[in-house]
1. Between Glu245 and Arg63, take the C-beta separation as r, use R0 = 41 Å, and let me know the FRET efficiency to the nearest 0.05.
2. Can you tell me the order of 238-248, 92-102 when each peptide is scored by its average per-residue count of other Cβ atoms within 10 angstrom, highest first?
3. For region 196-252, what does the equivalent ellipsoid look like in terms of its semi-axes, each the square root of 5 times an eigenvalue of the Cα gyration tensor, given largest first in whole Å?
4. Provide the net charge surrounding Asp115, with neighbours chosen by a C-beta distance below 13 Å and charges set as Lys +1, Arg +1, Asp -1, Glu -1.
5. If you stretched the chain out fully between Thr113 and Asp47, how much longer would it get, using 0.36 nm times the residue separation minus the C-alpha to C-alpha distance?
6. Using packing as a proxy for protection, rank 189-195, 64-70, 203-209 so that the peptide with the highest average count of other Cβ atoms within 10 Å comes first.
7. With respect to the cross-link table entries Lys153/Lys241; Lys84/Lys112; Lys151/Lys191; Lys211/Lys241, which display a Cα-Cα separation exceeding 30 Å?
Amino acid sequence: MLFILISLLFLVRYQTSLMYYTEKELLERQRNQFFRLQQFLREKKIDIDDFCDLIPGSCSLNRINSIEMVYLDKNSREILEIEKEKVEKDGLRVIKKILDPSCLQYVKQINKTADFSEPSFILSTFQHLSHDPIAVIEQNRHTYKWCFSSKKKFTDNLTISITQPLDELGKLYHQLEKVLEENIFLKQNFKKLDTLTRREREIMQQISRGKTSDQIAEHLCISTHTVNTHRKNIWHKLGIKSYAELIKFSEHFDLL
């Protein structure tokens, strides 16, 4: 057990010393943390509180397709001055208190529509969070921090999240303006994307990958006329006029 803890601590400290310049690198880092966390917890080699002490950022367990929290790491609980039992009993109230109200609705929607049936799927979002207990009570928006959060399936009923403040990520913090612009785009256009049917999203993804209507029709076993009808509906619902705008939607919403 001691060897395992020392090894994990070395890995985490080594990773923390590195500079992550892109969202892709940060996501890969958190993907590795997810893998180790699931492996050790499932094999019961380490207590979840002990392991989360070794991970930079905050770790939580949530109901699947929901923001309702059932576990929050020990360090975050101490900062928020909240008992573990309180999180287990009323985790939804806890997350509502620490999440910026302007982000709450968006985060709820994107969690609700996420498909965690694929074990390797990871949902990544930018969130405005506060870990200041006084600010939580007073709802002081100036104390909120932009964070990068990644979530994946942990059990049949739960997802696991790792959240890290951007200002702890070296040069990535200086890209905050770009991050905010992307976050604004997501907020402004999520409702438009949500109007698409599952078939329309599927065809949108194929179009974004450069597939022709004939190729899409053959792949989905439908007529080319049906594909073109869906294409017109996609353009209308998203309010776009060009292929470039479609690509922008696909890039921002990870449909490529």
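Computed from the coordinates by the stated procedures, all read-outs in this text should not be read as laboratory data. Keep in mind that what you see is a predicted model, and the values were worked out from it rather than measured. No Cβ is skipped: glycine too gets one built from the backbone with ideal geometry, and neighbour counts run over all protein chains shown.
1. Numbers: r = 35 Å, r/R0 = 0.86.
So the FRET efficiency works out to roughly 0.70.
2. Working: 238-248: 13.5, 92-102: 16.6.
The peptides rank, most packed first, as 92-102, 238-248.
3. Working: eigenvalues 62, 27, 18 Å².
Output for region 196-252: semi-axes of 18, 12, 10 Å.
4. Values: positive: Lys112, Lys151, Lys152, Lys153, Arg198, Arg201; negative: Glu118, Glu202, Asp254.
Net charge in that neighbourhood comes out at +3.
5. Answer, rounded to one decimal: 20.6 nm.
6. Values: 189-195: 14.7, 64-70: 18.0, 203-209: 19.7.
Going from most to least packed, we get 203-209, 64-70, 189-195.
7. Values: Lys153/Lys241 37 Å; Lys84/Lys112 25 Å; Lys151/Lys191 21 Å; Lys211/Lys241 18 Å.
Flagged as over cut-off: Lys153/Lys241.
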